[in-house]
Amino acid sequence: MLILSHSLGARTTASASTTHSNNGQGALLQVQQNLPQGSGIGYKLLAGREDSERAEVGINLQNDIGTYAFEASRFNEINYVRGTASGGLAIMNNAVFPSRRINESFAVIEVPEQPGIRIYAENQWVATTDRHGQALIPALRPYQKNQIRIEQADLPLNAQADTFSMTATPYFRSGTVLNFPVKTVQGATMNLQLENGQAVPAGAKVSISGYSDIFPVGLKGKVYITGLAGNTVLHVIWHNRFCQSIIKLEISEDPIPELGNVTCYSNGQKPH
């Protein structure tokens, strides 16, 4: 028997084999794409001849709640058709999660009130949060550290998370809960300028009373600030100089409003 195989991609391979025996010769060609860890499609195509002509075609589908296989084949002049489906249910954290078949350990991921957030396990996309901001990962390695992260780019512009990556170390055939707390913050962009109309120099540092976050000023006084609420006092420091301003933020549906030019006063606080 002689077998040759070649990779066509991360999940796709092609192979050719030939056999020779007292009963005759045979040859088979096959192309196969494996299922991804998360949702996706796999397939198998096979054609050739052994004792008689042989042909197979199959397609596998996988989503967050199940795995499905459909196969058709012909061998010894007989046609075969088969279909299978598998799935599972996990009950955890006062919720029921339809899932792919759970053979190992699993984790429930919570990104509260944030639907459509992609979840990665070991940098492989494995699930997406539902309308409640929850998702289940059905295949984790027990007693080992599994690196889980959420896709930062899927979060709204006015959302802020303390962390985007956590480690899950579940027991064998048991589950764990990972909560990624996300809070909504009010941010805005503005152009800080001095009383004489000149821009606050690039590199200046802006802070808000009562918070430790520092926001750097860019070119032409441009700065993006989060944590604004009602009347917010801004403190601006650069070299040996200091100025401050009060931002009165109006209610807006824009997650990051543009406030335009904001004057920073060196003596006293004057509302903008």
Would you mention how many residues in the range 194-227 are touching a residue at least 40 places away in the same chain (Cβ under 8 Å) and surrounded by fewer than 19 Cβ atoms within 10 Å (Cβ to Cβ)?
4
Residue that is over 28 Å from Q114 (Cβ atoms), among the polar types (S, T, N, Q) and free of Cβ contacts under 8 Å to residues at least 24 places away in the same chain, where the choices are N231, N240:
N240
For the range 218-233, indicate whether the set of residues that are part of a loop (DSSP other than H, G, I, E, B), of a type in the set (G, A, S), on the phi < 0 side of the Ramachandran plot and not assigned by TED's automatic domain parsing to the domain that holds I150 is non-empty.
yes
Scanning for something farther than 30 Å from A168 by Cβ, among the acidic types (D, E) and in contact with a Gly (Cβ under 7 Å, 6 or more places away or on another chain), does the range 63-83 turn up at least one residue?
yes
Filter pass, A85 being among the hydrophobic types (A, V, I, L, M, F, W, C) and loosely packed, with under 12 Cβ neighbours inside 10 Å:
yes
Looking only at the range 112-153, filter to residues that are in contact with a helix residue (DSSP H, G or I) (Cβ under 9 Å, 6 or more places away or on another chain) and touching a residue at least 24 places away in the same chain (Cβ under 8 Å); which one of those is nearest to G175 (Cα to Cα)?
T128
Please determine whether any residue of the range 76-83 is hydrophobic (A, V, I, L, M, F, W, C) and in contact (Cβ under 8 Å) with a residue 12 or more places away in the chain.
no
Please go through the range 176-192 and give me each residue that is in a strand (DSSP E or B) and within 24 Å of the chain's Cα centre (by Cα), ordered by number.
T176, V177, L178, N179, V182, K183, T184, G187
Tell me whether the range 168-175 contains one or more residues that are assigned to a strand (DSSP E or B), outside the structural domain of D64 (by TED's automatic domain parsing) and not charged (D, E, K, R).
yes
What is the one condition in (1) part of a strand (DSSP E or B); (2) in contact with a Gly (Cβ under 8 Å, 6 or more places away or on another chain) that P112 does not satisfy?
(1)
Do we find that A14 is in contact with a His (Cβ under 7 Å, 6 or more places away or on another chain) and without any contact (Cβ under 8 Å) to a residue 40 or more places away in the chain in this structure?
yes
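The values are calculated or read from the model by the stated rules, or taken from the named source; none is laboratory data. Note that the structure is predicted; figures quoted are calculated from it, not measured. Cβ atoms come from the backbone with ideal geometry, glycine included; neighbour counts cover every protein chain shown.
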